[in-house]
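Below is one structure, written out as structure tokens; the observations come after it.
The values are calculated or read from the model by the stated rules, or taken from the named source; none is laboratory data. This structure is a prediction, so every number in the text was calculated from the model and none was measured. A quick note on method: Cβ atoms are made from the backbone with ideal geometry, for glycine too, and the neighbour counts reach across all protein chains shown. Areas reflect the complete protein model, heavy atoms only, side chains present, ligands, DNA and RNA absent. Shrake-Rupley method; radii C 1.70, N 1.55, O 1.52, S 1.80 Å.
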Amino acid sequence: MPELPEVEVTRLSFASRIAGATVSSVRLGKALRWPLGCAPASLVGRTVRGVRRRGKYLLIDLDQGLLLLHLGMSGSLSFAAQLPLPGKHDHFEMVTTQGTLRLNDPRRFGAVVYAAAEDADVARKLMGRLGVEPLSDDFDVDSFHVGLKRRKAAIKQVLLAGDVVVGVGNIYASEALFLAGIRPTVSAARLSRSRVARLHAGIREILTRALNSGGSTLRNFSSANGESGHFQLQTMVYAREGEPCRVCGKAIKSLRQGQRSTFYCPACQKA
Ligand SMILES: [Zn+2]
């Protein structure tokens, strides 16, 4: 599943190349997770102002309205002057004067949704509960601590929920908790300020490392210029059940939390 670093790397790979382009045509494939919400033909003639990211959404700003694009579980974007004929998993295609943007999404949990404005109902419904951006200046230890204090659920679950801090998905949550020495099952509300500070630093470190390396490619992510964002994060705990901890040598354990696998070191991560 593409996570925040992959989405950001995807954005960087085509944002400057599509900016200023005029939409020539829009083609839809099979239904995605949510409908486009406008007639494809109504987008023709509009100009792409730029591409921003909010959480795991890409916001393609048009001179009138915007497109919210989500890669879902298996989506990947291509943007090029010439693309091969659309395949059976290509479900959205926007031809512009500067190239064609195409969404390939075999599992179709992704979506492209038109919103008349960022505060339109549809945009608010999709993005309204997103927490602070983890790499922005707004993400500071004190407000993070305040946000966690209100939540009794396990810290890993609270991170994944995305309403305190956005975009810390399954891999990065496990890794950040390891860096902070925090057991994933600890109640968020019980974390002391010093542990929250360590977690804050761990989240920034792991996301920055992933971004710098082009996003992790645990599945089929590829950036929008066709090359795969070829980065295998050398994980400390994620997907390493039974293997020795890289710090202390004890066997990494796993457990299920909210239908997702969590990995941790029983010695390095205290309750
Ligand atoms: Zn360990």
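Computed values, structure above
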quantity	calculated
Charge tally in the Cβ shell below 12 Å around Ala19, where Lys, Arg are +1 and Asp, Glu are -1, Ala19 excluded	+2
Per-residue SASA entry for Ser136, accessible area with 1.4 Å probe, Å² rounded to 10	30 Å²
Rounded, prolate or oblate (a/c below 1.5 giving rounded, otherwise prolate when a/b exceeds b/c) for the chain by Cα gyration tensor	prolate
Under-5 Å amide H pairs with Ser25, H placed in peptide plane, nonlocal only	Val95
Helix-only CD estimate at 222 nm, as mean residue ellipticity for the chain, using -39500 (n - 2.57) per DSSP H run (n ≥ 4)	-8000 deg cm²/dmol
Order by protection proxy (mean Cβ within 10 Å, highest first), peptides 121-131, 102-112	102-112, 121-131
Carbon plus sulfur fraction of accessible area for the chain, probe 1.4 Å, in percent	50 percent
Residue order for Asp142, Asp90 - accessible surface, 1.4 angstrom probe, largest first	Asp142, Asp90
Approximate spin-label separation Gln98-Arg209, in nm, with each point projected 7 Å along Cα-to-Cβ	3.5 nm
Dipole axis of the chain (+1 Lys, Arg; -1 Asp, Glu on Cβ), positive-most option in Thr10, Leu67, Leu32	Leu32
Net dipole in debye of segment 1-81 [+1 Lys, Arg Cβ; -1 Asp, Glu Cβ; about Cα centre; nearest 20]	100 debye
Peptides ranked, highest mean first, by Cβ atoms within 10 Å: ranges 44-57, 167-180	167-180, 44-57
Gyration tensor (alpha-carbon) shape descriptor, segment 1-130, a/c threshold 1.5	rounded
Residue-by-residue Karplus 3J(HN,Hα) for segment 236-241, coefficients 6.51, -1.76, 1.60, Hz, glycine and proline x	7, 10, 4, 6, 10, 3
Gln259 paired with Arg107, simple spin-label distance in nm, labels 7 Å along Cα-to-beta-carbon	1.1 nm
Relative contact order (%) - the chain, alpha-carbon pairs under 8 angstrom, separation at least six	19 percent
Shape of segment 1-57, Cα gyration tensor, a/c cut at 1.5	oblate
Alpha-carbon centroids, segment 105-159 and segment 47-80: separation in whole Å	16 Å
Label-point gap, in nm, between Gln82 and Ala116 - each point 7 angstrom along Cα→Cβ	4.2 nm
Check: segment 1-138 dipole with +1 on Lys, Arg Cβ and -1 on Asp, Glu Cβ, in debye	460 debye
